[in-house]
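Here's the structure, in structure tokens; my notes come after.
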Amino acid sequence: MKFIFYYFTSIFLIGCSTSHLTRSYKEPKDFKISTTKNIVDNSLYSQISLIDSREDKKSLGLLRIGGREKLIELVTETPFKNQIQEVIDSAINETATNDTIVFQLRNIQFIEHIDFFKFGCSFHLRFSTYKKINSIYYPITTIDTTTDINRSLFYSKRKLIRKAGITFQQNIINNLTKAYNKNIAYSLENLSNIDSIEKSLMPLYTDKILKDGIYLTYQSFKNKIPDKSVYVEEVDDEEIYKLFEKGTTNNFKKVRIKKVYAIVWNGKAYISNFRRLILLKKSDNNYFFIGKALSQTQDWRYSKSPIFEIGEIGDFSETEKTKVALTRKLYHQQIDHLNGRFIRLELVK
């Protein structure tokens, strides 16, 4: 009797799953920052002024509709200035002062990706806040956060967007009780070059000579503080093939490249990319390299069940009628100076 019950229950659940795959999707295009019911007492700010420094002020990225090939462009129909003001209005009470907080929106982007067994979407948010006094801007804080949202292939984009809206909201509210730094002052022109100002405080970008060594994290790399001593074998002008950690007694231990962020050898920097160490080149005070990144093929087909199998990179694996492929393609890429992530610029043709 139990067997019959479980059998028909399984059939019912599978039927629900497959009907989910074939139903039509009505996905949102509008991004909305969530308001809050949590009140912030003694807020230092109640008004907002916005400086939008994004390169693309219209698009927030592309999202795939229900796993299909069709992509939609995510936009914001309500201006960010209005949305941020609504969040502040929902959070403050009569104890708030009448001062204005300046938001410099620097990046907000959704990126859909596939990484081995994970189908997901990343949300990157970067903004800086200031207190303006007589045309001078005093910094409050800089927010640079990335939310990696893991989901099933058919997970509703509406939930992804809502989670990102809550992340934005929380970071806005966290700024309402923070005082400004009186010791640092910027002009409006400075704010338009804020990336260069931030780099001027990082040894990686200011020093002409890099220090040889193994750097396990971007934090140590940007500060030029090696985590380990380095010894290299099999190196050419563009790549390092064998990497060793040099001990205090001149003994050598082989290092797994995937555990490394970057290394410097003979004054040249190499970035870890898919178990390869590739030469970094500096131009216009930015670091660039040509490296591989995971890219999704255009061959998408539905499965009869919501289970996918993904094989080795560049291979196809099949679960009934499903074909999902991952390939490594060469891209021109840039190092993000704040967090060390790789920014794809363009596909190498």
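Side notes on the structure shown:
- Filtered residues of region 38-68 (kept if at pLDDT 90 or above and part of a loop (DSSP other than H, G, I, E, B)): Ile39, Asp41, Asn42, Ser43, Leu44, Tyr45, Ser46, Ser53, Arg54
- Candidates in region 69-104 are the residues that are at pLDDT below 85 and assigned to a loop (DSSP other than H, G, I, E, B); of these, the one that is most open to solvent (accessible area, probe 1.4 Å) is Lys70.
- For Val264, the conditions (1) surrounded by fewer than 18 Cβ atoms within 10 Å (Cβ to Cβ); (2) assigned to a strand (DSSP E or B); (3) in contact with an Asp or Glu (Cβ under 7 Å, 6 or more places away or on another chain) all hold with the exception of (1).
- Qualifying residue in region 105-114 (condition: modelled with pLDDT of 90 or more, touching a strand residue (DSSP E or B) at 6+ places or on another chain (Cβ under 6 Å), among the aliphatic types (A, V, I, L, M) and in a strand (DSSP E or B)): yes
- Every pair of residues 6+ apart whose Cβ atoms lie under 6 Å, when the first sits in region 152-179 and is at pLDDT below 95 while the second is acidic (Asp, Glu): Lys157/Glu27
- Residue ID - nearest to Asp284 (Cα to Cα), chosen from residues in region 186-215 that are touching a Pro at 6+ places or on another chain (Cβ under 9 Å) and open to solvent by 60 Å² or more (accessible area, probe 1.4 Å): Lys211
- For region 163-185, taking the residues that are small (Gly, Ala, Ser) and under 17 Å from His124 (Cβ atoms), the one that is surrounded by the fewest Cβ atoms within 10 Å (Cβ to Cβ) is identified as Gly165.
- Subset of region 194-212 [within 14 Å of Lys268 (Cα to Cα) and modelled with pLDDT of 90 or more]: Leu204, Tyr205, Asp207, Ile209, Leu210, Lys211, Asp212
The values are calculated or read from the model by the stated rules, or taken from the named source; none is laboratory data. In this text, all values refer to a predicted model and were calculated from it rather than measured experimentally. Using ideal geometry, Cβ is built from the backbone for each residue, glycine included, and neighbour counts are taken over all protein chains shown. When the accessible area is computed, the model is the full protein with side chains, heavy atoms only, and any ligands, DNA or RNA have been set aside. Shrake-Rupley method; radii C 1.70, N 1.55, O 1.52, S 1.80 Å.
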